[in-house]
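The values are calculated or read from the model by the stated rules, or taken from the named source; none is laboratory data. Everything quoted here is computed from the prediction, not taken from an experiment. Reconstructed Cβ throughout: ideal geometry from the backbone, glycine too, with neighbour counts over all protein chains shown. Side chains included, ligands, DNA and RNA excluded: accessible areas come from the protein's heavy atoms. Shrake-Rupley method; radii C 1.70, N 1.55, O 1.52, S 1.80 Å.
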Amino acid sequence: MKGSFLTDQGKVRQHNEDAGGVYLNEQNQLLAVVADGMGGHQAGDIASQLAVSTLHNQWEETSAIQGPKAAENWLREAILEVNQVILQHSRDHEECRGMGTTVVVAVCDHQFATVGHIGDSRVYIANHYGFKRVTEDHSLVNELVRSGQISEEQAESHPRKNVLLKALGTDENISPDIVTFEFEEDDRLLLCSDGLTNKVSEDELSRIKEYNGEWQQLCQSLVDLANERGGEDNITLAIVHHHEAPIVKEGAD
């Protein structure tokens, strides 16, 4: 199992509110995380860092995940714990009131991957079937598209595109979407914040399906492309490659 992670401030923002990383446990199972602190809210960077560090700490305390059901239970409990950590921090620190973050988390085993998410950061899978998104954005415009009120093309330029319907740290009662699917030799996962998907099309992202070079170089080329097109937001991505070599590129909390 190989993993690569990269985050970039972009060309406009004064600081980076994204966080994430990729981490192995003792059984060579991999945890990948991307969190996007809520833009326009106080301390979005603190919220995203709390999400990643809490998940990383919980992963370090987990020696192995025994099957898909255990992975789903672990992810659900871990995300709920993150929500409580962020809520408590905002209660204890006045300057952090109102902060929140998206999160996408993937638990990757040699037979399956389990993905949990809140918000509009995304996960894609590239395998022998093709390239497809496996998460649904928890956003206002996505609900408008789903209900047929606007088209996907209209959603791209909708004035309320950044309005989230779910985020960690904003509500006591949250319910992450969780899905499990087969994860086989040479399959690839892409986790990313909307700083990438708002600038790079899904057709362009699908190049990970055939890519055979160094994953960190691909991460950098995608970040560079988003920046060339304006880089108005922070840009973060993690790539997981189902590969037998037990080497992983660590991310930072």
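In what sequence, highest mean first, do 31-38, 225-232, 195-202 appear when ranked by Cβ atoms within 10 angstrom?
31-38, 195-202, 225-232
Per 0.36 nm of contour for each residue apart, how much would the distance between F112 and Q217 grow if the chain were fully extended, relative to their Cα-Cα spacing?
That works out to 35.2 nm of additional length.
Order these peptides, 120-126, 51-57, by their mean beta-carbon neighbour count within 10 angstrom, highest first.
In decreasing order of mean packing, 120-126, 51-57 become 120-126, 51-57.
Build a GNM of the chain with springs between Cα atoms under 10 Å: which of A64, A47, A238 gets the top mean-square fluctuation?
Result for the chain, Cα springs under 10 Å: A64 fluctuates most.
How big is the charge dipole of the chain about its Cα centre, in debye rounded to the nearest 20, if each Lys and Arg gets +1 on its Cβ and each Asp and Glu gets -1 on its Cβ?
It comes to approximately 340 debye.
Using a 1.4 angstrom probe on heavy atoms only, work out the carbon and sulfur share of the accessible area of the chain in %.
C and S fraction of accessible area: 44 percent.
So what is the accessible area of the chain per residue, in Å², with the probe set to 1.4 Å?
Accessible area per residue: 45 Å².
Under the Karplus relation 6.51 cos²θ - 1.76 cosθ + 1.60, θ = phi - 60°, what is the ordered set of whole-Hz ³J(HN,Hα) values for the range 131-137, x standing for Gly and Pro?
Karplus-based 3J(HN,Hα) across the range 131-137 equals 9, 8, 7, 10, 10, 10, 4 Hz.
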